[in-house]
Amino acid sequence: RLSHNSAQSLRSLNTPISADAPRTSPPLFARVTQRLEMPEVMQMIDSEVFMAFTTYATIVTLKMMFMSPLTAYFRLTRKAFSNPEDCRSGKTAEERKKMLRSDPDVERVRRCHLNDLENIIPFIVIGLLYSLTGPDLHTAVLHFRIFVGARFFHTLAYVVPLPQPSRGLSWMVGVGSTLSMAYRILTAVLFL
């Protein structure tokens, strides 16, 4: 709860400042930070666990984004397009028609990209919530590294392709890491 003086100070922040009035007080952000203590969530965001999470989440997001240019590369090198307007490199109508086809290599990369979307987005949401529960740094970094390593190996196993069960096992390891973080969230903050 805010004290009476703090509440009055906050109300004074809502007073409009005219454009031609001389600026005698500090900017709004400075006034707010001077009067309020740093909330607990901000302290969690400044934690090493959260910084580790943002690092690994950025790595897998960039990896997922890399799949789009990889798909384009395979489409161009295999001359396999799904839209007629993408077939401009064909000189005749017959050549352009032949380019409108499905290619197994292109489809393999597309499926890998879809699998990334199905797994990386939940990791980001669950990992964010997990990092806000205040886990041990080493345990959290282990979860993040296992997931990122599993996703990179999964992509390698999918695109190269490596024999099964390599792809399936790497998928299970990544999902297991995410489920382990979800379990920690539920046991730490279960509120029904």
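The values are calculated or read from the model by the stated rules, or taken from the named source; none is laboratory data. On a predicted model such as this, the values are computed, not experimentally measured, just so you know. All Cβ positions, even for glycine, are placed from backbone atoms using ideal geometry, and neighbour counts span all protein chains on display. Accessible surface areas use protein heavy atoms only, side chains included; no ligands, DNA or RNA. Shrake-Rupley method; radii C 1.70, N 1.55, O 1.52, S 1.80 Å.
Tally time: how many residues in segment 52-69 are under 17 Å from R110 (Cα atoms) and open to solvent by 70 Å² or more (accessible area, probe 1.4 Å)?
Summing the residues that are under 17 Å from R110 (Cα atoms) and open to solvent by 70 Å² or more (accessible area, probe 1.4 Å) in segment 52-69 gives 4.
Being closer than 18 Å to G176 by Cα and open to solvent by 70 Å² or more (accessible area, probe 1.4 Å) narrows it down to one of E118, E85, so name that one.
The match here is E118.
What are the residue pairs meeting all of these: first residue in segment 157-175, first residue within 23 Å of I124 (Cα to Cα), second residue open to solvent by 40 Å² or more (accessible area, probe 1.4 Å) and of a type in the set (F, W, Y), Cβ atoms under 7 Å, and 6 or more apart or on different chains?
S170/F153
For segment 132-178, how many residues meet the condition of being farther than 18 Å from R108 by Cα, surrounded by fewer than 18 Cβ atoms within 10 Å (Cβ to Cβ) and small (G, A, S)?
3
Can you tell me which residue is nearest to P122 (Cα to Cα) among those in segment 53-103 that are basic (K, R) and either touching a residue at least 40 places away in the same chain (Cβ under 8 Å) or not in a loop (DSSP other than H, G, I, E, B) (or both)?
Only one residue tops the list, namely K63.
Do you know which residues across segment 120-154 are under 16 Å from V189 (Cα atoms) and either of a type in the set (A, V, I, L, M, F, W, C) or not in a helix (DSSP H, G or I) (or both)?
Matches in segment 120-154: V125, I126, L128, L129, L132, T133, G134, P135, D136.
For segment 150-189, enumerate the residues that are in contact with a helix residue (DSSP H, G or I) (Cβ under 9 Å, 6 or more places away or on another chain) and of a type in the set (S, T, N, Q).
Selection gives T155, Q164, S166, S170, S177, T178, S180.
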